[in-house]
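Everything below concerns the one structure shown next.
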């Protein structure tokens, strides 16, 4: 049997995370609009696109998932409903917070949170799913905790927002691991529908009764939904057909690294010596955490979710 050419899959994975790395551009272009309004229309357009794509090109997967659910035991059905509901709530929290942070605090805070995400996910996997961690990964977790302490000592608000984004994303990924037997795109559609149901009744509250709907808004939110959510999502899904979850885990760091670079070089954000030390520590911890990847088994059950249009179904 011939070996599979993995170049297209690497290219797709790289393209997905590079696209997500430039997410601050459409978000900053929408900075004048309420965060809740951005989230509402971004979710509405994304779920609409996913539904159209599924009905036209992925109908078999949709029907297979429905049959799979029908054939499952009552307890499994209850767990499916519970974790799908939780996934929708966590996704809503994560994306709304990320939009607010990028547009009203700084890009650095959002980027820092997505560097923390994989390590926090590993900790939650150890605590909740009894997944094993190697010694170097525990060392990385300790360095990450020290990094958080440094950020918190300088600006507690930034740390709290980073932790909210990172924890909501990490818990979301845990729910996805539990539901790994189901099609990721079908799950995402259901979760986005739930997210739309969550925020719909609070639309006036989120916009402060001051919704601004114009051509610029719809062009930018359309770009955010199609170009920075649905397109990289399918690229990432394609790459997971052949790449290991460990490889995807490393590619995932392209996103926050690009965010950091743009924050300083393009958007002119400033930082402090304490934060620089914290960022350096988290980068070192990421390297340490990903040592010895050759020992990992190939898996295809992970799908990274974009922060907001974002970090796979996750961002």
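A compact table of results
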quantity	calculated
Search result, residues across segment 145-165 that are surrounded by fewer than 20 Cβ atoms within 10 Å (Cβ to Cβ), under 15 Å from residue 102 (Cβ atoms) and modelled with pLDDT of 90 or more	164
Selection count, segment 108-123, where residues are over 17 Å from residue 279 (Cβ atoms) and at pLDDT 85 or above	1
Condition met for residue 267 (in a loop (DSSP other than H, G, I, E, B) and farther than 18 Å from residue 49 by Cβ)	yes
Residue check, residue 184 within 27 Å of residue 130 (Cβ to Cβ) and out of contact with any helix residue (DSSP H, G or I) (no Cβ under 9 Å at 6 or more places or on another chain)	no
Helices (runs of 4 or more DSSP H) within segment 1-68 that include 3 or more residues modelled with pLDDT under 90 and closer than 16 Å to residue 238 by Cα	7-21, 35-57
Residue within segment 45-61 that is over 26 Å from residue 223 (Cα atoms) and in contact with a helix residue (DSSP H, G or I) (Cβ under 8 Å, 6 or more places away or on another chain) present	yes
Residue check for residue 199: touching a helix residue (DSSP H, G or I) at 6+ places or on another chain (Cβ under 9 Å), assigned to a helix (DSSP H, G or I) and under 29 Å from residue 122 (Cα atoms)	no
Residue in segment 208-217 that is under 30 Å from residue 58 (Cβ atoms), more than 17 Å from the chain's Cα centre (by Cα) and surrounded by 15 or more Cβ atoms within 10 Å (Cβ to Cβ) present	yes
Filter result (in contact with a helix residue (DSSP H, G or I) (Cβ under 6 Å, 6 or more places away or on another chain) and within 20 Å of residue 91 (Cα to Cα)) within segment 202-221	203, 206, 207, 221
Flag for residue 247 being modelled with pLDDT under 90, surrounded by 18 or more Cβ atoms within 10 Å (Cβ to Cβ) and either within 19 Å of residue 101 (Cα to Cα) or more than 15 Å from the chain's Cα centre (by Cα) (or both)	yes
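Residue-wise test of (1) closer than 15 Å to residue 23 by Cβ; (2) in contact with a helix residue (DSSP H, G or I) (Cβ under 8 Å, 6 or more places away or on another chain); (3) surrounded by 15 or more Cβ atoms within 10 Å (Cβ to Cβ).
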site	(1), (2), (3)
67	no, no, no
75	no, no, no
80	no, yes, yes
84	no, yes, yes
89	no, yes, yes
95	yes, yes, yes
100	yes, yes, yes
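The values are calculated or read from the model by the stated rules, or taken from the named source; none is laboratory data. Nothing here was measured: the structure is a model prediction, and the numbers come from that model. In this analysis, Cβ positions are derived from the backbone assuming ideal geometry, glycine residues included, and neighbour counts consider all displayed protein chains.
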